[in-house]
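S.K.: One structure is given below, represented as structure tokens, and several questions about it will come after.
The values are calculated or read from the model by the stated rules, or taken from the named source; none is laboratory data. As the structure is a computational prediction, the values presented were derived from the model and not from experiment. With ideal geometry, Cβ positions are generated from the backbone for all residues, glycine too; neighbour counts draw on all protein chains shown. Quick note on the areas: whole protein, heavy atoms, side chains included, nothing else; ligands and nucleic acids left out. Shrake-Rupley method; radii C 1.70, N 1.55, O 1.52, S 1.80 Å.
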Amino acid sequence: MSGIFEYNGGSIVGMKGKNCIAMACDRRFGQQMSTITTNYQKVFKIQDNILLALSGLNSDIHTFYALMEKEINLYNLKENRKMKPTTFANLVASSLYERRFGPFFVTPIVAGLENGKPILATYDSIGCKSDLDDFQVGGTGGNYIYGACEAFFKPDMSPEELEEVIGQSLVSGCDRDSLSGWGGVVYVLTEQKLTVKILKTKQT
Amino acid sequence: MDSIFGLQGGDFVIVACDGSIAHSILKIKETEDKILKLDDHKIFGISGEGADRNSFGELVHKNHCLIRYKTGSYMNLQETAHFVRSMYAQAIRSRDGPHQCNGLLGGVDSDGTPSLYWLDYLGSLQKITRGAQGYANYFLLGLLDNQYKPNLTKEEGIEIIKKCIKELQTRFLIAQNKFIVKIVTKQGIEAFTI
């Protein structure tokens with residue numbers, strides 16, 4: 001195995017805008033050089049105001065997502081209130097560190113809106129939280145997407161601009177990475193709604 | 001070396017497997033049924049070493065029945081697929097290690113909707129309309145992508161499977177003469193050998 005994080009492939013990216021956040025992911029699921037499906041969902045809506053994107057090993061994406069769903073559902077039942085995005089961001093970090101010596105092979109990005117303020121955090125696979133930047137990337141195509149993001153990004157963009165910029169960054173990045181692509185999905189979250197758009201990338 | 005492949009049609013699911021058991025250069029058996037019947041409307045084709053295939057198959061079958069006795073009804077396809085996935089996922093970090101087999105789980109729900117799921121030994125899970133496990137991936141995915149269209153009829157599905165078998169027999173280095181094909185429809189499971 002050349003790298004357990006590169007086994008299934010996939011890329012994710014998150015960006016902050018003015019009172020909005022956007023997440024985008026590609027749609028490929030493969031086994032090293034072979035593509036199995038082209039409709040693989042990597043961004044999950046945890047709560048009305050929180051999105052979780054996961055890239056890495058498919059099995060651990062399923063497992064970690066189920067774990068986070070369980071945690072947030074239990075929290076809702078016990079505390080009878082919704083979880084704040086900053087709380088969830090911390091929860092992800094501590095859940096990953098719980099498995100310090102047998103980690104989940106995932107690189108998550110959490111994005112949310114707390115009282116209208118955008119929250120964005122990314123982690124390595126053992127829970128080191130990084131929440132100071134305005135955009136974050138993850139997955140095999142991450143480095144390619146970084147370049148496109150740096151070029152296109154500017155602070156305080158409107159939801160429409162943000163959707164355009166994150167879409168373009170994802171497409172440019174994934175078109176260069178052989179393990180990511182086969183389409184992209186862009187999620188834009190504002191106080192009022194969540195919009196989902198499916199993009200076309202290079203079909204290879 | 002096993003080939004397991006399948007496709008989902010408008011109201012049916014087909015899973016096919018090769019029938020051979022080999023040991024080094026010897027072909028021990030040609031008529032081994034590698035597609036397990038979980039209940040009247042679910043089949044699970046497993047590819048991998050004989051021992052792992054049998055033991056994991058039994059584990060899935062018995063746990064599936066246990067849930068039926070505990071809750072009063074069989075799980076539907078989506079629940080079963082996630083349940084089998086969780087068995088795989090729990091095993092990868094366990095003392096005994098992963099279950100060394102991959103699978104294709106297919107079936108038809110009580111409302112007639114067919115589904116086919118691709119599962120691998122690490123606990124990956126994807127709902128698919130056509131797919132294969134093992135070396136068959138390399139030979140058949142292109143053919144399946146080309147021939148597939150939405151809402152296939154049962155006869156069209158069988159034709160495509162026959163083409164896949166012919167392709168394997170022509171191009172695959174390991175001669176696989178007999179294939180066992182199982183089709184699940186709302187009426188039940190039909191099985192035949194090609």
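S.K.: Charges on Cβ only, +1 for Lys and Arg, -1 for Asp and Glu, centred on the Cα centroid of chain B; of B:ALA136, B:GLN90, B:CYS101, which one is farthest towards the dipole's positive end?
M.R.: It is B:GLN90.
S.K.: Oh, and also: Expected output is a single nm value to one decimal: the length gained when fully extending between B:GLU190 and B:THR71, i.e. 0.36 nm times separation in residues minus the C-alpha distance. What is it?
M.R.: Additional length available on full extension: 40.1 nm.
S.K.: Sequence gap at least 6, Cα distance under 8 Å: using those rules, report the relative contact order of chain A to the nearest whole percent.
M.R.: 29
S.K.: Would you be so kind as to identify all helices of chain B, as entire DSSP H runs, whose Cα atoms reach 27 Å or more along the helix's own axis and whose mean Kyte-Doolittle hydropathy is at least -1.0?
M.R.: In chain B, the long hydrophobic H runs are B:50-71.
S.K.: I want to verify a result. In a Gaussian network model of chain B, Cα cutoff 10 Å, which of these has the top mean-square fluctuation: B:LEU116, B:LEU104, B:LEU125?
M.R.: B:LEU125
S.K.: Add +1 for every Lys or Arg and -1 for every Asp or Glu among the other residues with Cβ under 14 Å from the Cβ of B:ALA132, and state the total.
M.R.: Result for the local shell: -1.
S.K.: Using a 1.4 angstrom probe on heavy atoms only, work out the carbon and sulfur share of the accessible area of chain B in %.
M.R.: 50
S.K.: Could you please state, rounded to a whole Å, how far the C-alpha centre of region B:14-55 is from the C-alpha centre of region A:94-128?
M.R.: 41
S.K.: Want the number for A:LYS45 to A:GLU161: 0.36 nm per residue separation, take away the alpha-carbon distance, what's left?
M.R.: 39.6 nm
S.K.: Please report the orientation-averaged projected area of chain A, defined via the convex hull of its C-alpha atoms, in nm².
M.R.: Answer in nm², one decimal: 10.6.
S.K.: Using DSSP to call loops (not H, G, I, E or B), can you name the chymotrypsin sites (Phe, Trp or Tyr not before Pro) in region A:54-146 whose Cβ has at most 12 other Cβ atoms within 10 angstrom?
M.R.: A:PHE101
S.K.: Let me ask something else about it. Averaging sequence separations of C-alpha pairs under 8 Å and six or more residues apart, then dividing by the length of chain B, give the relative contact order as a whole percent.
M.R.: The value is 32 percent.
S.K.: Using Cα pairs under 8 angstrom and six or more residues apart, how large is the relative contact order of region A:103-204, in percent?
M.R.: 20
S.K.: Now for a different question. Nearest 5 is fine: what % of DSSP beta bridges in region A:8-142 come out antiparallel, could you say?
M.R.: Bridges in region A:8-142 that DSSP calls antiparallel: roughly 100 percent.
S.K.: While we're looking at this one, here's another question. For chain A, modelled as a GNM with alpha-carbon contacts under 10 angstrom, which of A:ILE109, A:ILE145, A:ILE126 fluctuates the most?
M.R.: A:ILE126
S.K.: Here's something else I'd like to know. For a bin width of 5 Å, list the pair-distance distribution of region B:1-142 built from all Cα-Cα distances, rounded to whole %.
M.R.: That works out to 2, 10, 19, 24, 20, 15, 7, 2, 1, 0, in percent per bin.
S.K.: Among rounded, prolate and oblate, which fits region B:65-194 when a ≥ b ≥ c are the square roots of the eigenvalues of its C-alpha gyration tensor, a/c under 1.5 means rounded, and a/b larger than b/c means prolate?
M.R.: Cα axes put region B:65-194 in the oblate bin.
S.K.: Just grab the label-to-label distance for A:ALA151 and B:ASP111, each label 7 Å out from Cα along the Cβ direction, in nm (one decimal).
M.R.: For the pair A:ALA151/B:ASP111, the computed spacing is 4.7 nm.
S.K.: If you build a Gaussian network model of chain A, linking Cα atoms that sit under 10 Å apart, which residue out of A:GLN192, A:GLN32, A:GLN41 swings the most?
M.R.: A:GLN192
S.K.: Across region A:95-204, how many lysine pairs, 8 or more positions apart or on different chains, have C-alpha atoms separated by under 23 Å? Please give the number.
M.R.: Taking region A:95-204 as the scope, the lysine pair count is 7.
S.K.: Rounded, prolate or oblate: which fits the protein assembly as shown when a ≥ b ≥ c are the square roots of the eigenvalues of the alpha-carbon gyration tensor, with rounded for a/c under 1.5 and prolate only if a/b beats b/c?
M.R.: prolate
S.K.: Provide the FRET efficiency to the nearest 0.05 for the A:SER94-B:HIS23 pair, computing r from the beta carbons and using R0 = 56 Å.
M.R.: Once rounded, the FRET efficiency stands at 0.70.
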